[in-house]
Amino acid sequence: MKNYILIKNRIENFNTKIKVSSDKSISIRSILLASQSIGTSKISNLLESEDVLNALKAIKKLGINYEKKGNVYNIQGFGLNGFNISKKTTINAGNSGTLARLILGLLVKTKTTVKLIGDQSLSKRDFSRVIKPLKLFGANIKSNKNMLPIEISGTNFLRPITYNEEIGSAQVKSCIILSALNTPGVSIINAKKSRDHTELMLKSLKYPIKVKKNHKYDQILVKGLSQFRGFDYNVPGDISSASFFIVLTLLCEKSQIKIENINVNQSRLGIVTILNKMGAGIKLKKKRKYNGEEIADIHVKSKKNLNAINCPSKLNSAAIDEFLIIFLVAAKAKGISKFKDLGEMNKKESKRLDLAVKFLKLIGIKVQRFKNDINIYGNPNLILKKKFEIKNFLKDHRIFFLSCIAALTLGGNWKVNDKDSINTSFPTFLKTLKELGAKIN
């Protein structure tokens, strides 16, 4: 089967409602926490993407059984450090940095050495950011110059730590929190603001975790060795997946959409805040709380006149996965949009900041790059007519999504390679586009 798609026509106007894929971050965390609970956890509406399925395979290798009944995954946990691990166990995290970094936190007490590997992209990513705190807890770690493969063996003599997490990485913060679950005493994390799904999920389970918030940092106190029971969780929609349909609607003519049941956690809402500062007029309706998370329906209408933005860097962590598609809006906005301190984009599945500059230049947009800052010179009249082929973009699923939205809103004749990359996070992406009327071959 050919691993590319062809798009030759812009999408026609639409007025409808859709649902997008389930939240990947919450799906992975719910699996990992279920593996540490006592009894059966029932996870419904779990995202069935490669990253999440790899999380299920990982806990299976660690001795945790699960079965699927209808739309529900039943996961049987045996409590903290309740793994039953065979010798020479290897876990393949695939493309998922979230899975790889978080599961290391659950292995700090294992008596058996576990080897962690990943795909070509993940194997190039920096793990020093979690190796350092894991060693402070007392775990034994061997790595390939702070990259995969990593071998970890735990210890019965774990010690609580106080750690300053200054990157703003939810993966690092969550790895430390999960390590602290198996550690006697109270561990303290002074964490730069980032998504807080792990803290909210543990709070909903009545786990003794305390969060003290100030302007820039959250101080998180985790009391270790507190067991918790199996739980039920219905995973909401993913705002990262919704972001592509938000922008599709904004840049189309005479269109509107309602995206139902989306997690609008404030630590993930950067794209809505940024686009509304640009004049998008996105509305959140039917807001409600679910296990500490905020859920809402997102309403979007086409917008002809969008303005450039001088984006406050304090919004970066809440939009780090969405900047690629935000840049496409900046390409159509009036004026020069400025974005600062985006080095963390290059720590993702690919060097996304580098690839974003390459993509924008490909579609004829002037870009100035100053290390981790970029200026995008918007062109409100941007219409594409040439042929474009997207290849050599490191098989990044978000680059694939971005290319599809650009093709459907800006025109041109596009060949977009690496179609299979959508399975990482949003397997039904193309199906949903076609339901809106997109002509994709």
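Tabulated results
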read-out	value
Cross-chain or 6+ apart pairs with Cβ under 9 Å, the range 140-152 first and in a strand (DSSP E or B), then of a type in the set (S, T, N, Q) and surrounded by 19 or more Cβ atoms within 10 Å (Cβ to Cβ)	Ile152/Thr110
Lone qualifier among Ser41, Ser49 - being in the same structural domain as Gly224 (by TED's automatic domain parsing), in contact with a helix residue (DSSP H, G or I) (Cβ under 9 Å, 6 or more places away or on another chain), small (Gly, Ala, Ser) and closer than 26 Å to Ser169 by Cα	Ser49
Leading residue by the ranking (surrounded by the fewest Cβ atoms within 10 Å (Cβ to Cβ)) among those in the range 38-61 that are in contact with a Ser or Thr (Cβ under 7 Å, 6 or more places away or on another chain) and closer than 26 Å to Lys206 by Cα	Asn45
Leu315 within 25 Å of the chain's Cα centre (by Cα) and surrounded by fewer than 21 Cβ atoms within 10 Å (Cβ to Cβ)	yes
All positions within the range 153-178 that are part of a helix (DSSP H, G or I) and within 10 Å of Val222 (Cα to Cα)	Ile176, Ile177, Leu178
Inter-residue pairs, beta-carbon under 6 Å, first closer than 18 Å to Ile11 by Cβ and in the range 418-441, second crowded, with 18+ Cβ neighbours inside 10 Å and of a type in the set (S, T, N, Q), 6+ apart	Phe426/Ser21; Phe426/Ser241
Among residues of the range 377-397, those that are under 27 Å from the mean Cα position of the chain (by Cα) and either surrounded by fewer than 18 Cβ atoms within 10 Å (Cβ to Cβ) or of a type in the set (Val, Ile, Thr) (or both), counted	5
Residues being over 13 Å from the mean Cα position of the chain (by Cα), small (Gly, Ala, Ser) and surrounded by fewer than 24 Cβ atoms within 10 Å (Cβ to Cβ) - total across the range 168-200	2
When residues of the range 328-340 are limited to those that are without any contact (Cβ under 8 Å) to a residue 60 or more places away in the chain and surrounded by 18 or more Cβ atoms within 10 Å (Cβ to Cβ), the one nearest to Ile239 (Cα to Cα)	Ala330
Asp297 vs. criteria within 21 Å of Lys193 (Cα to Cα) and either among the small types (Gly, Ala, Ser) or touching a residue at least 24 places away in the same chain (Cβ under 8 Å) (or both)	no
Scan of the range 293-349 for residues that are in a loop (DSSP other than H, G, I, E, B) and among the small types (Gly, Ala, Ser), ordered by number	Ser302, Ala308, Ser317, Ala318, Ala319, Ala333, Gly335
Matching option when the condition is within 18 Å of Asn182 (Cβ to Cβ), assigned to a helix (DSSP H, G or I) and in the same structural domain as Ile209 (by TED's automatic domain parsing), among Lys135, Lys109	Lys135
Filtered residues of the range 204-222 (kept if part of a strand (DSSP E or B) and of a type in the set (A, V, I, L, M, F, W, C))	Ile209, Val211, Ile220, Leu221, Val222
Any pair with Cβ under 7 angstrom, 6 or more apart, that starts in the range 255-270 at a residue that is assigned to a loop (DSSP other than H, G, I, E, B) and ends at one that is at pLDDT 95 or above and among the polar types (S, T, N, Q)	Ser255/Asn13; Ser255/Asn15; Ser255/Thr249; Ser255/Ser302
The one condition in (1) crowded, with 20+ Cβ neighbours inside 10 Å; (2) closer than 29 Å to Gln256 by Cα that Ile374 fails to fulfil	(2)
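The values are calculated or read from the model by the stated rules, or taken from the named source; none is laboratory data. Here the structure is a predicted model, which means the values were calculated and not measured. Here Cβ is always computed from backbone atoms with ideal geometry, including for glycine, and neighbour counts include all displayed protein chains.
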